[in-house]
Each structure stands twice: as structure tokens, then as C-alpha cells.
Amino acid sequence: MNHAGIFITLEGVEGAGKSTAVAGVAAWFSQRGFEVECSREPGGTPVAESIRQILLTPAAEALAEPAELMLMFAARAQHVAHRIKPALAAGKVLICDRFTDSSRAYQGAGRGMNRTFIETLAKSAEQGLEPNLTLLLDLPVAEGLARAAARRGLSAHDRFERESADFFERIRAEFLHLATLHPRFAVIKAAEPLAAVQAQIYTVLQARFPLIAAVPMGAQHG
Ligand code: Z5A
């Protein structure tokens, strides 16, 4: 399983506030003396970040759906082997903006790719790794897209941002379905104001990691 460290993933539709929430989770653990690394998918190592460029940048040659799926898992295999597992083996907290649940939601529910094939790829890339906690930041698709558009301003859409609202509705529904299947999930109401979202996340962290919550702030974890 997860060695000495703690592996936390954040999931949700575009603009749900995952990147914003990562900082709050990192602060909660580092204030209690843990060494924390924050990462993202696709990406997180030099090779995986190169694959991210292919995956997100619109190009004249359309990416075939199986190619998109396998590139997601190629990036993940690099990330798991060269970043996530070493960090966990060193006893760190590794917080990741998206992981395999995004492939289940985007490539599985969004694109309609074969679920059995996705699980086969997951088994190969993850090598037995599973998140200790997955925070699902859930909010209506229209709100997430509006937030992402406001943040993007005049810059160009990436490959995923060009998809329809229906595509993102299927993804939101799949994330909520996955949350009913796996106890590692906690669903956060992400449409609330930022302070209320942070408060929900801290409540989940206290409930899931009571021994760590009891550590005095500023203590050294050793
Ligand atoms: N993808 C995939 O298909 N399969 C996979 O296996 C994986 C990924 C791993 C990565 O894009 C794309 O890859 C992603 C899925 C696909 N595409 N989509 N869609 P990315 O990393 O560039 O984008 P993202 O993961 O979707 O994240 P994002 O757009 O950056 O959203 P976010 O991180 O969830 O949100 P944020 O940046 O924290 O917040 C967005 C804005 O809202 C920002 O201005 C915040 O200040 C604001 N915000 C945040 N919280 C609040 C609250 N509570 N109230 C008001 N405003 C807020």
C-alpha cells in the first residue's frame, strides 16, 4: 500500500477549486511538522510534464481517444515511479491535483472509453498505490466553467476546455458515483465561498487523521 507517507488526491470538474484547495491541505500538514510535496496530473516529473503539453495543447493533428487515454497513463506511470512512491517512502505527504479518478471520469464517462481497459492501465501504472484520501470538490458544471473562464481571461482554451457542457456533466456524475463506491472519498461542497470550502476540508482532515490533528501546531514530525 502506501509505505510511510500519506497520499491525498483532489478531484473535480474544471474550475472546482482544486489548485486553491491544495495549498490549504499542504498548510494543514506542514503546520503539524510534516514534509509536504504538491504535484499535479497529468505531470509532476519532467517526462510527465512533457506528456502534459501534448495532452493539453490543441494541435492540427487531433489526438485519437485511445492515444489520449494511454498518454494519461504513461504520464501517471512516470509520476508514480519517479515522484509519488519515493516521496511516500520518505514519509512525506504527497498532495496531487487529479489522479486516476480523473481518467475514470474524463476518459471513461466523458469519452466513453472501455472501463476494463482503464482499470488494466491503472493497475499497471499505479503498482498497488491508492490514495489515503480523495477530496472531491463538487460544484455545478456551469459555475466551474464560469470560474475557469474568468481566470483564463483572453488566453486560449486548452483541449479539454473546448468540450461541451454535456461532457462535463457526465464527468461530474461519474465523480459523484465513484464517491459512493470508495470510502477514501470525501465530497466537498465547492460552490460555497472559499472560507467555507476550506472549513469543510479542515473538518474532513481532522476526522480522517485524528492523531495528526492532535499534534500541536509547529511540532516536528519525526
Ligand atoms: N485530465 C484527464 O482528462 N484525465 C486524467 O487522467 C487527468 C486529467 C489526470 C488538466 O487540466 C486536464 O486534464 C483537465 C482534465 C484532464 N481538464 N479539464 N477540464 P488543468 O490541470 O489545466 O485544469 P484543471 O485540473 O481542470 O484545473 P483548473 O481549471 O485549474 O481548476 P481548479 O484547479 O479546480 O480550480 P482553481 O484554479 O483552484 O480555481 C479556479 C478559479 O476559481 C480561480 O480563479 C480561483 O480563485 C476561483 N475559486 C476557487 N475556489 C473558489 C470559491 N470557493 N469561490 C469562488 N471562486 C473560487
Some residue of the range 184-204 being in contact with a Phe, Trp or Tyr (Cβ under 7 Å, 6 or more places away or on another chain) and over 17 Å from T20 (Cα atoms):
no
Hey, can you tell me all the residues within the range 120-129 that are in contact with a helix residue (DSSP H, G or I) (Cβ under 9 Å, 6 or more places away or on another chain), at pLDDT 95 or above and over 12 Å from M70 (Cα atoms)?
E126, L129
Condition first: assigned to a loop (DSSP other than H, G, I, E, B), surrounded by 13 or more Cβ atoms within 10 Å (Cβ to Cβ), within 15 Å of the ligand (Cβ to nearest atom) and of a type in the set (A, V, I, L, M). Can you find one or more residues in the range 194-209 that meet it?
no
Matching residues, the range 1-50, being away from the ligand (no atom under 16 Å from the Cβ), among the acidic types (D, E) and crowded, with 16+ Cβ neighbours inside 10 Å
E37
Total residues in the range 73-102, condition in a helix (DSSP H, G or I) and either in contact with a Lys or Arg (Cβ under 8 Å, 6 or more places away or on another chain) or within 13 Å of V36 (Cα to Cα) (or both):
8
Yes or no: the range 87-104 includes at least one residue that is under 30 Å from T203 (Cβ atoms), within 16 Å of the chain's Cα centre (by Cα), surrounded by 18 or more Cβ atoms within 10 Å (Cβ to Cβ) and small (G, A, S).
yes
Going through the range 2-28 one residue at a time, which ones are within 21 Å of A149 (Cβ to Cβ) and in a strand (DSSP E or B)?
L10, E11
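The values are calculated or read from the model by the stated rules, or taken from the named source; none is laboratory data. Bear in mind that the values here come from a model prediction, so they are computed numbers and not experimental data. All Cβ positions, even for glycine, are placed from backbone atoms using ideal geometry, and neighbour counts span all protein chains on display.
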